[in-house]
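Colleague: Please read through the structure below; I'll follow up with questions.
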Amino acid sequence: MKDIYISDIKVNQEITTYFIVKKSEIKVGSNRKAYLDLLLADATGEISAKKWDIADEEMPGLKKIEEGKIIKVRALVNEWNGMKQLRISRIRHTGAEDNLVMSDYIKAAPEEAEDMYSFIYSKAEAFADDDLRRICIRQLEDNREKLMYYPAAQKNHHAEMAGLLYHIKRMLMMGERACQVYTNLNAELVMAGVILHDMEKINEIESNELGISSGYSFEGKMLGHLVQGVKTIDRLADELGIPAEKAIMLEHMMLTHHYEPEYGSPKKPLFPEAEMLHYLDMIDAKMFDMQEALEKTEPGEFSDRVWTLDNRTLYRTTL
């Protein structure tokens, strides 16, 4: 049974409990000794873990630790670079006798995937612009099966089961409200950009049906979802007979929504709807990371450092 969650653990605490493996790799340290590097998770979050100085007789068993499997560990919670980390002393595989409940270990979006999909689909279906409606509906229908479980990232924001749908839905909700304020915007173009902008993460990221990513596909590593998105829009626009200007504007939104070259965008947005798409994306990512960090923090205390937020420690108010 799961008796303690990642959100509950404290520095200097000794724990013995179960985690699901998100990443497992045997590395060699500066002392030339092998160690096990793990990323572990449960329904409340994830945590880095190490098992140092692996003995030769331990190696065969440790090599069998795979992503998506649940293990039991005994560990000391310590702190490294302002973040909690587990120093593992014992580790074992699990079986039917452990009576594990998978929902204890899978982090999932807080809404049902079918409901989120229906919400997004209904928005696309209501577009007056036939070209935007057809290309969004095509992408949603082509990717429906994977959208039911796909995360929006391997780690960081929305790295959870059906996280990609949750990210898109919240951006759509914010985008509709933004267009009520900034009435110069083409609301349907903004919403189409939201629906399409991260769709190629399905082909960039590799994920199992639990929403746990083991890494990136070959094409994902070589191109990334921005370029993959441009390729897909170009292909679908040709198939669906979408006018060149409209297709290029959608491709531009795919290419620019990360804004900065170091994050993969070779150009910055050149029209208002593309600019708005970037900020909607940033708002949702940062709000997600802040909420997740503060859910693990007691009122009146500061969180662990959040490296996606410039290594800030966040304060959880008592108000």
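Colleague: Can you list the aspartates and glutamates whose alpha carbon is less than 13 Å from that of Lys246, not counting same-chain residues fewer than 8 positions off?
Modeller: Correct list for Lys246: Asp129, Asp130, Asp131, Glu188, Asp234, Asp238, Glu273.
Colleague: Taking the Cβ-Cβ separation of Asn208 and Thr183 as r and a Förster radius of 51 Å, what is the calculated FRET efficiency to the nearest 0.05? Show your work: numbers first, answer last.
Modeller: Numbers: r = 44 Å, r/R0 = 0.86.
Efficiency at R0 = 51 Å is approximately 0.70.
Colleague: Please compute the contact order of region 14-144 in relative form: average sequence separation of alpha-carbon pairs under 8 Å and at least six residues apart, divided by the residue count, as a percent.
Modeller: Details: 196 pairs, mean separation 29.6, N = 131.
In percent, rounded to a whole number, it is 23.
Colleague: Would you mind calculating the relative contact order of the chain from Cα pairs under 8 angstrom and at least 6 residues apart, reporting the percent as a whole number?
Modeller: Working: 564 pairs, mean separation 41.3, N = 319.
The normalised contact order for the chain reaches 13 percent.
Colleague: So with the 1.4 Å probe, I'd like the accessible area per residue for the chain, rounded to whole Å².
Modeller: In whole numbers, the chain has 51 Å² accessible per residue.
Colleague: On to the next question. Can you send over the solvent-accessible area of Val230, 1.4 Å probe, protein chains only, in Å² to the nearest 10?
Modeller: 40 Å²
Colleague: Express in Å², to the nearest 10, the accessible area of Ile283 obtained by rolling a 1.4 Å probe over the protein heavy atoms while all chains stay in place.
Modeller: Per-residue accessible area (Ile283): approximately 80 Å².
Colleague: Keeping the other protein chains in place, figure out the carbon and sulfur percent of the accessible area of the chain, with a 1.4 Å probe.
Modeller: The value for the chain is 50 percent carbon and sulfur by accessible area.
Colleague: Same structure, new question: With each label point set 7 Å from Cα along the Cα-Cβ vector, what nm distance links Lys33 and Leu240?
Modeller: Distance between label points: 5.8 nm.
Colleague: Okay, moving on. Quote the charge dipole size of region 25-116 about the Cα centre in Debye, to the nearest 20; the model charges only the Cβ of Lys and Arg (+1) and of Asp and Glu (-1).
Modeller: Details: 15 positive and 18 negative charges, 167 e Å.
Dipole magnitude for region 25-116 comes out near 800 debye.
Colleague: Would you mind classifying region 170-319 by shape? Square roots of the alpha carbon gyration tensor eigenvalues, ordered a ≥ b ≥ c; an a/c under 1.5 is rounded, otherwise it is prolate if a/b is larger than b/c and oblate if not.
Modeller: Numbers: a/c = 2.33, a/b = 1.47, b/c = 1.59.
It is oblate, given that a/c is not under 1.5 and a/b is not larger than b/c.
Colleague: What accessible surface, in Å², does a 1.4 Å probe find on Ser48, ignoring ligands, DNA and RNA and rounding to the nearest 10?
Modeller: Only protein atoms counted, so the area is about 40 Å².
Colleague: Regarding region 145-200, what's the average projected area of the Cα-atom convex hull, expressed in nm²?
Modeller: Taking a quarter of the hull surface, the average projection is 4.0 nm².
Colleague: Further, regarding this structure: Take Trp307, Trp52 and sort them by solvent-accessible surface of the protein heavy atoms, 1.4 Å probe, largest at the top.
Modeller: On the way: Trp307 140, Trp52 95 Å².
In descending accessible area the options line up as Trp307, Trp52.
Colleague: Could you put Phe19, Phe218 in order of accessible surface area, largest first, with the 1.4 Å probe and the full protein assembly present? Intermediate values should be presented prior to the final figure.
Modeller: Numbers: Phe19 0, Phe218 155 Å².
Correct descending sequence by accessible area is Phe218, Phe19.
Colleague: Would you mind telling me which residue in Gly175, Gly220, Gly61 has the biggest mean-square fluctuation in a Gaussian network model of the chain, where springs connect alpha carbons within a distance under 10 angstrom?
Modeller: Most flexible of the set in this elastic network: Gly61.
Colleague: Kindly identify region 139-240 as rounded, prolate or oblate by the Cα gyration tensor criterion: order the square roots of the eigenvalues as a ≥ b ≥ c, call it rounded if a/c is under 1.5, otherwise compare a/b with b/c, prolate if a/b is larger, else oblate. Spell out each step's value before the answer.
Modeller: Working: a/c = 2.11, a/b = 1.39, b/c = 1.51.
Oblate.
Colleague: When you count, for each residue, the other Cβ atoms within 10 Å and take the mean per peptide, how do 159-169, 78-88, 262-272 rank with the highest first?
Modeller: Packing order, densest peptide first, comes out as 159-169, 78-88, 262-272.
Colleague: Highest mean first, how do 181-192, 145-156 rank when packing is the count of other Cβ atoms within 10 Å averaged over residues?
Modeller: Values: 181-192: 17.5, 145-156: 19.4.
Answer by packing, highest mean first, reads 145-156, 181-192.
Colleague: At 0.36 nm per residue, minus the direct Cα-Cα distance, what do Tyr263 and Arg92 gain on full extension? Give it in nm, one decimal, please. Let's see the in-between values first.
Modeller: Working: separation 171, 0.36 × 171 = 61.56 nm, distance 3.86 nm.
Residue separation times 0.36 nm, minus the Cα-Cα distance, leaves 57.7 nm.
Colleague: Taking only C-alpha pairs under 8 Å that are 6+ residues apart, what is the relative contact order of region 224-295 in percent?
Modeller: Details: 60 pairs, mean separation 16.6, N = 72.
23 percent.
Colleague: For Val194, Val101, give me the order by solvent-accessible area with a 1.4 Å probe, most accessible first, ignoring ligands, DNA and RNA. Kindly include the intermediate steps, with their values, before the conclusion.
Modeller: On the way: Val194 0, Val101 70 Å².
Per-residue accessible area, sorted high to low, gives Val101, Val194.
The values are calculated or read from the model by the stated rules, or taken from the named source; none is laboratory data. Nothing here was measured: the structure is a model prediction, and the numbers come from that model. Every residue, glycine as well, gets a Cβ built from its backbone with ideal geometry; the counts of neighbours run over all protein chains shown. To get the accessible areas, we keep the full protein, side chains included, count just its heavy atoms, and leave off ligands, DNA and RNA. Shrake-Rupley method; radii C 1.70, N 1.55, O 1.52, S 1.80 Å.
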